[in-house]
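Beneath this line is the structure, given in structure tokens, with notes to follow.
The values are calculated or read from the model by the stated rules, or taken from the named source; none is laboratory data. Note that the coordinates shown come from a computational prediction; the quantities given were computed from them, not determined experimentally. A quick note on method: Cβ atoms are made from the backbone with ideal geometry, for glycine too, and the neighbour counts reach across all protein chains shown. Note: areas computed on protein heavy atoms with side chains; ligands, DNA, RNA excluded. Shrake-Rupley method; radii C 1.70, N 1.55, O 1.52, S 1.80 Å.
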Amino acid sequence: MVMSKRLAAIPESYFGKTMGRKVEHGPLPLINMAVGIPDGETPQGIVDHFAEAIRIPENHKYGAFHGKESFKEAIVNFYQRQYNVTLDKDDEVCILYGTKNGLVALPTCIVNPGENVLLPDPGYTDYLAGVMLADAHPVPLHLDPPDYLPDWDKVDQATLENATLIYLTYPNNPTGSTATKEVFDEAIQKFKGTRTKIVHDFAYSAFGFDAKNPSILASENGKDVAIEIFSLSKGYNMSGFRVGFAVGNKEMIQALKKYQTHTNAGMFGALQDAATYALNHYDDFLDQQNETFKRRRDAFEQRLSEAKLPLVHSKGGIYSWLQTPPGYDSETFEQYLLQEQSILVAPGIPFGENGRHYVRISLALDDKQLAEAADRLASLSHLYQD
């Protein structure tokens, strides 16, 4: 087998093996509710600016490894404006070629073999690969319904003492739970002065339905303990651009930047220019995105609640988290929905053991499709009756 033992030991990426696959479904028109990106188009102004930037000769050459000054300044200004967080553009900002790259690379940068890394369960599937590539020890951080927030008193003390890194993600993918500033305050206070660091995956930052999502860096001493990884994919409908950044703790940022000097040679300048333009000009668009998905959540949850389906109330993000009927786990219910209702969802088990009896439902559909999907799901209320 022409594959290292370490790579072979890592499970196949769930989304890597499922995106783009041919789907066999039942007789009804297929409704894809497994998609993990908003359904809207990239704002035209960003596209136009990108097109103009492609024609700039300077952008056709190697650029500075750690990014253009204009992009880093836009990041700093955005965080000050949106979250009242002050950043140093040279020491506390790292540009990422898609946030997944940073999230997976981070353990290799700061964790030693055998050390513990706590991963939210349920949480994003590909954190695990980064831990295994670093030869570190993944430990589930169990998050319980309905709020899916960490309870540090329930984590074994010996496990925490050997933990170098903790992943958090709010709004949570897949559950739609959110964190308050007080939740982050508690985490920062607990780990300040220890060797344990936190990475907060802020991919769905734009989507906070009941309140604006706080940055973990806004907590007192936040930058002493944590970095935050921000994505332009969801809020700006720029998933194909593959642009994001990490901000916060200097030591963690410098480790990521050193790693990138050996694995990348600088982001395409036109991409940086497009991202700069987005950060500087589209705050209102982020608000519109949030309003769109809040309206969708309200309508979808109301229909399923009327049918008494056990849906976890979504407070942010672009998903709903539905419990499976008695007798089904997430994978068998996924197949049932596909064959009987022609609805494609994501099973909960790839997100952790605590997702075994849930499925993740994307709200990234137009109103007509979303209403039709809600009706089809509501028709299954009999499956939940004792």
Sole residue being modelled with pLDDT of 95 or more and of a type outside the set (Phe, Trp, Tyr), chosen from Thr86, Thr159, Thr99: Thr86
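Could you go through the range 199-210 and let me know if any residue there is among the hydrophobic types (A, V, I, L, M, F, W, C), touching a residue at least 24 places away in the same chain (Cβ under 8 Å), assigned to a helix (DSSP H, G or I) and not assigned by the TED database to the domain that holds Arg297. Quick ask: steps written out before the conclusion?
Residues of the range 199-210 that are among the hydrophobic types (A, V, I, L, M, F, W, C), as a first pass: 199, 202-203, 206-207, 209.
Still in the running and touching a residue at least 24 places away in the same chain (Cβ under 8 Å): 199, 202-203, 206-207, 209.
So of that shortlist, the ones also assigned to a helix (DSSP H, G or I) come out as none.
No, there is no match, as no residue in the range 199-210 is among the hydrophobic types (A, V, I, L, M, F, W, C), touching a residue at least 24 places away in the same chain (Cβ under 8 Å), assigned to a helix (DSSP H, G or I) and not assigned by the TED database to the domain that holds Arg297.
In the range 359-382, which residue that is open to solvent by 30 Å² or more (accessible area, probe 1.4 Å) and either among the polar types (S, T, N, Q) or in contact with a Phe, Trp or Tyr (Cβ under 8 Å, 6 or more places away or on another chain) (or both) is nearest to Asn173 (Cα to Cα)? Full working, then the answer.
Going through the range 359-382, the residues open to solvent by 30 Å² or more (accessible area, probe 1.4 Å) turn out to be 366-369, 371-372, 375, 379, 381-382.
Then keep just the ones that are either among the polar types (S, T, N, Q) or in contact with a Phe, Trp or Tyr (Cβ under 8 Å, 6 or more places away or on another chain) (or both); that gives 369, 379, 381.
On the way: Gln369: 22, Ser379: 26, Ser381: 25 Å.
Once the filter is applied, the top-ranked residue is Gln369.
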Residues that are in a loop (DSSP other than H, G, I, E, B) and open to solvent by 20 Å² or more (accessible area, probe 1.4 Å), drawn from the range 80-111: Asn84, Thr86, Asp88, Lys89, Asp90, Asp91, Tyr97
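Please find, within the range 263-297, the residue that is farthest from Asp210 (Cα to Cα) out of those that are among the aliphatic types (A, V, I, L, M) and either without any contact (Cβ under 8 Å) to a residue 60 or more places away in the chain or open to solvent by 10 Å² or more (accessible area, probe 1.4 Å) (or both). Even if it seems obvious, please write down each step before you answer.
Start the filter on the range 263-297 by keeping residues that are among the aliphatic types (A, V, I, L, M), which leaves 265, 267, 270-271, 274-275, 278-279, 286.
Cutting the leftovers down to either without any contact (Cβ under 8 Å) to a residue 60 or more places away in the chain or open to solvent by 10 Å² or more (accessible area, probe 1.4 Å) (or both) gives us 265, 267, 271, 286.
On the way: Ala265: 41, Met267: 36, Leu271: 33, Leu286: 15 Å.
The qualifying residue farthest from Asp210 (Cα to Cα) is Ala265.
Rundown of residues vs (1) closer than 23 Å to Val104 by Cβ; (2) open to solvent by 10 Å² or more (accessible area, probe 1.4 Å); (3) under 19 Å from the mean Cα position of the chain (by Cα); (4) modelled with pLDDT of 95 or more, yes/no style:
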site: Thr180; (1), (2), (3), (4): no, yes, yes, yes
site: Val183; (1), (2), (3), (4): no, yes, yes, yes
site: Gln189; (1), (2), (3), (4): no, yes, no, yes
site: Gly193; (1), (2), (3), (4): no, yes, no, no
site: His200; (1), (2), (3), (4): yes, no, yes, yes
site: Ser215; (1), (2), (3), (4): yes, no, yes, yes
site: Ser219; (1), (2), (3), (4): no, no, no, yes
Residue within the range 11-28 that is free of Cβ contacts under 8 Å to residues at least 24 places away in the same chain, basic (Lys, Arg), surrounded by fewer than 17 Cβ atoms within 10 Å (Cβ to Cβ) and in a helix (DSSP H, G or I) present: yes
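Give me the residue from the range 298-310 that is in contact with a strand residue (DSSP E or B) (Cβ under 9 Å, 6 or more places away or on another chain) and within 14 Å of Leu370 (Cβ to Cβ) and, out of that set, surrounded by the fewest Cβ atoms within 10 Å (Cβ to Cβ). Talk me through it step by step, then tell me what you get.
Taking the range 298-310 and keeping what is in contact with a strand residue (DSSP E or B) (Cβ under 9 Å, 6 or more places away or on another chain), we get 300-301, 304-305, 309-310.
Subset that is within 14 Å of Leu370 (Cβ to Cβ): 300-301, 304.
Details: Phe300: 22, Glu301: 19, Leu304: 22.
Once the filter is applied, the top-ranked residue is Glu301.
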